[in-house]
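Trainee: I have a structure here, written as structure tokens, and I will follow up with some questions on it.
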Amino acid sequence: MLTLLADEPRFILIDKPAGQSFHREDGQRGVLELLREQTGQGELHAVHRLDQLTSGLLLVAKGAEAAAEFGQLFAQRQIRKYYLALSDRAPSKKQGTLSGDMEKGRNGSWRLLQSRQDPAVTQFFTAGVGNGQRAFVVRPLTGRTHQIRVALKALGSPILGDARYGGSEADRGYLHAYALEFSLGETHYRYACPPREGEHWHSPGGQLAFGRFAEPWCLAWPGS
């Protein structure tokens, strides 16, 4: 059963488990199908996605009108999303912005290019959390497939457990959609949801990561 964090008149917010596919795959039901069965609400619309590796906050609109509202907010970059990640390799820099076009290879993986015709833009901060690990808090300004995974690989710090992009072996991929904030009408919403699954999240280093980045909206993000 999916964990519902909010059930509002115009949207539902869930905590997607790691390993759960968004779409039906190999006969297994996807997130929307499961959520429709669980809530009894048929008209649910995806307004963004999390890939199978990633856990955390996933927003689903109730009805076409709400979906159009959220679509506008995403297009205008009015929905701020913050992710937590762990790596066991030091990055080439400790904070900043990565910007570049993304190109898909024959094996289905993506890579970050130097060109910027239609760039993926990713902002980040990182800190050491002991045991050779680095914690990252990441704010993507665009929503490309595998964007954060590709960005951290480009920094030299592939995500722990992300075998596709060269991450070290682990019990799961350590990327989590941690926090989300937006305004809808006159109401401002802000949510944060620490990851529940994964031995490294529950280690001293993982707990230190939450302490460092507990309120990501308070960090001095570029352009804020």
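The values are calculated or read from the model by the stated rules, or taken from the named source; none is laboratory data. The model shown is predicted, which means the values in this text are computed figures rather than measured ones. With ideal geometry, Cβ positions are generated from the backbone for all residues, glycine too; neighbour counts draw on all protein chains shown. What goes into the accessible areas is simple: the full protein's heavy atoms, side chains included, and nothing from ligands, DNA or RNA. Shrake-Rupley method; radii C 1.70, N 1.55, O 1.52, S 1.80 Å.
Trainee: What is region 88-132 by shape, rounded, prolate or oblate, if you read a ≥ b ≥ c off the alpha carbon gyration tensor as root eigenvalues and call it rounded for a/c under 1.5, prolate for a/b larger than b/c, and oblate otherwise?
Mentor: Because a/c hits 1.5 or more and a/b fails to exceed b/c, region 88-132 counts as oblate.
Trainee: Placing +1 at every Lys and Arg Cβ and -1 at every Asp and Glu Cβ, with all other atoms neutral, what dipole size does the chain have around its Cα centre, in debye to the nearest 20?
Mentor: 800
Trainee: Is there a quick way to get the dipole size of region 161-224? I mean about its Cα centre, with the Cβ of Lys and Arg at +1 and of Asp and Glu at -1; what is the value in debye to the nearest 20?
Mentor: Taking the Cα centre of region 161-224 as origin, the dipole is about 60 debye.
Trainee: Apply the Karplus curve 6.51 cos²θ - 1.76 cosθ + 1.60, θ = phi - 60°, to the phi angles in region 199-216 and return the couplings in whole Hz, x for Gly and Pro.
Mentor: These are the phi-based 3J(HN,Hα) values: 4, 6, 5, 8, 7, x, x, x, 5, 5, 4, 5, x, 5, 10, 5, 10, x Hz.
Trainee: Which listed residue (Val150, Leu180, Phe136) has the Cα farthest towards the positive end of the charge dipole for region 123-224, taking +1 on Lys and Arg C-beta and -1 on Asp and Glu C-beta about the Cα centre?
Mentor: Among Val150, Leu180, Phe136, the one farthest towards the positive end of the dipole of region 123-224 is Val150.
Trainee: Find out how many positive minus negative residues lie around Gly42, taking Lys and Arg as positive, Asp and Glu as negative, among other residues whose Cβ is under 14 Å from that of Gly42.
Mentor: -1
Trainee: A further question follows. With a 1.4 Å probe and all protein chains left in place, how much accessible area per residue does the chain have, in Å²?
Mentor: 48
Trainee: In region 82-224, what percent of the accessible surface is made up of carbon and sulfur (1.4 Å probe, ligands and nucleic acids excluded)?
Mentor: The computed percentage sits at 47.
Trainee: If you don't mind, there's one more thing I want to ask. Based on the Kirkwood radius over alpha-carbon pairs, what is the Stokes-Einstein translational diffusion coefficient of region 122-173 at 37 °C with 0.692 mPa s viscosity, in µm²/s?
Mentor: Roughly 285 µm²/s, to the nearest whole number.
Trainee: Still on this model: With the Cα gyration tensor of region 5-83 giving a ≥ b ≥ c as the square roots of its eigenvalues, does the rule (a/c under 1.5 for rounded; else a/b larger than b/c for prolate; else oblate) give rounded, prolate or oblate?
Mentor: oblate
Trainee: Okay, next question. Check the chain and count each lysine pair with an alpha-carbon distance under 19 angstrom, considering only pairs eight or more places apart or from different chains.
Mentor: 5
Trainee: Moving on. Distance from the Cα centre of region 80-103 to that of region 1-51, in angstrom?
Mentor: 27
Trainee: Convert each backbone phi in region 104-115 into a coupling constant with the Karplus relation 6.51 cos²θ - 1.76 cosθ + 1.60 (shift: θ = phi - 60°), then list the ³J(HN,Hα) values in order as whole Hz, x for Gly and Pro.
Mentor: My calculation for region 104-115 gives 8, x, 5, 8, x, 7, 10, 9, 8, 9, 6, 6 Hz in order.
Trainee: Next up: Using heavy-atom solvent-accessible surface (probe 1.4 Å) with all chains present, what is the largest-first order of Lys62, Lys16, Lys94, Lys153?
Mentor: If we order Lys62, Lys16, Lys94, Lys153 from most to least accessible, we get Lys94, Lys153, Lys62, Lys16.
Trainee: Follow-up question, since we're still on this one. Expressed as cubic angstrom per residue, what is the convex hull volume of the alpha carbon set of region 179-224?
Mentor: Measuring per residue, one finds 92 Å³ for the Cα hull of region 179-224.
Trainee: Determine the share of region 1-78's accessible area contributed by carbon and sulfur atoms, expressed in whole percent, with a 1.4 angstrom probe.
Mentor: It is 45 percent, rounded to a whole number.
Trainee: What shape does the chain have by the C-alpha gyration tensor, where a ≥ b ≥ c are the square roots of the eigenvalues, rounded means a/c under 1.5, and otherwise prolate means a/b greater than b/c and oblate the rest?
Mentor: It is rounded, given that a/c, with a ≥ b ≥ c, falls under 1.5.
Trainee: If you don't mind, there's one more thing I want to ask. Under the rule of -39500 (n - 2.57) per DSSP H run of 4 or more residues, summed and divided by the residues of the chain, what mean residue ellipticity at 222 nm is obtained, to the nearest 500 deg cm²/dmol?
Mentor: After summing the helix terms and dividing by residue count, I get -5000 deg cm²/dmol.
Trainee: Work out the charge dipole of the chain with +1 on the Cβ of Lys and Arg and -1 on the Cβ of Asp and Glu about the Cα centre, then indicate which of Ala75, Ser21, Pro194 is farthest towards its positive end.
Mentor: Positive-end residue among those listed: Ala75.
Trainee: Moving on. What residues qualify as long-range amide H neighbours of Gly96, i.e. H under 5 Å apart, gap of 5 or more or another chain, H built at 1.01 Å from N?
Mentor: Here the answer is Phe124, since their amide H atoms fall under 5 Å of that of Gly96.
Trainee: Short version: ³J(HN,Hα) in whole Hz for each residue of region 61-72, in order, from phi by Karplus 6.51 cos²θ - 1.76 cosθ + 1.60 (θ = phi - 60°), x for Gly and Pro, what are they?
Mentor: Along region 61-72, the couplings run 7, 9, x, 5, 5, 5, 4, 5, 4, 5, x, 5 Hz.
Trainee: So, one more: List every residue whose amide H lies under 5 Å from the amide H of Ala170, counting only residues 5 or more places away in sequence or on a different chain, with H placed 1.01 Å from N in the peptide plane.
Mentor: HN-HN under 5 Å from Ala170: Gly161.
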